[in-house]
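Only one structure is covered here, and it is reproduced in the block below.
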Amino acid sequence: VFYKGIRLNVHYKPDLLVYEGIIVELKAVSQLLAEHEAQLFNYLRVSKCLVGYLINFGSRDELEWKRYILADNQ
């Protein structure tokens with residue numbers, strides 16, 4: 001992981017990494033919130049991936065999921 005051009009001594013491990021280009025973040029909460037989306041966007045930026053899925057298994061009625069595509073990943 002790099003921050004402002006400096007390599008950080010942390011290791012990012014996504015919940016799932018599909019085909020080395022899709023980040024999948026799994027949740028088990030009553031509903032997805034803005035901070036869950038922000039977390040996924042941060043993961044997309046640091047990983048340089050363009051596609052991410054946010055999947056929530058905690059919703060009472062049905063599986064909740066959202067797909068995000070970054071148009072410009074700089």
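The values are calculated or read from the model by the stated rules, or taken from the named source; none is laboratory data. Predicted model, so just to flag it, every value in this text is computed and none were measured. Virtual Cβ from ideal backbone geometry, glycine too; neighbours counted across all protein chains shown. All accessible areas refer to the heavy atoms of the entire protein, side chains included, with ligands and DNA or RNA removed. Shrake-Rupley method; radii C 1.70, N 1.55, O 1.52, S 1.80 Å.
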Review point. Can you tell me how many residues in the range 32-74 are more than 19 Å from residue 13 (Cβ to Cβ) and basic (Lys, Arg)?
Key: 3
Exercise for review: State which residue pairs qualify: first residue open to solvent by 60 Å² or more (accessible area, probe 1.4 Å) and inside the range 25-46, second residue not in a loop (DSSP other than H, G, I, E, B) and not small (Gly, Ala, Ser) in any location, beta carbons under 6 Å apart, and separation of 6 or more residues or different chains.
Suggested key: 26/55
Review point. Residue 69: touching a residue at least 24 places away in the same chain (Cβ under 8 Å) and under 14 Å from the mean Cα position of the chain (by Cα), yes or no?
Key: no
Check your understanding: When you go through (1) at pLDDT 80 or above; (2) open to solvent by 40 Å² or more (accessible area, probe 1.4 Å) one by one for residue 3, which number turns out not to apply?
Key -> (1)
Point to revise | Restricting the range 14-39 to residues that are under 9 Å from residue 56 (Cβ atoms) and part of a loop (DSSP other than H, G, I, E, B), the residue that is farthest from the chain's Cα centre (by Cα) | key: 30
Study note, to complete from the structure: The residue that is modelled with the highest pLDDT, considering only those in the range 47-74 that are among the small types (Gly, Ala, Ser) and open to solvent by less than 80 Å² (accessible area, probe 1.4 Å), is 52
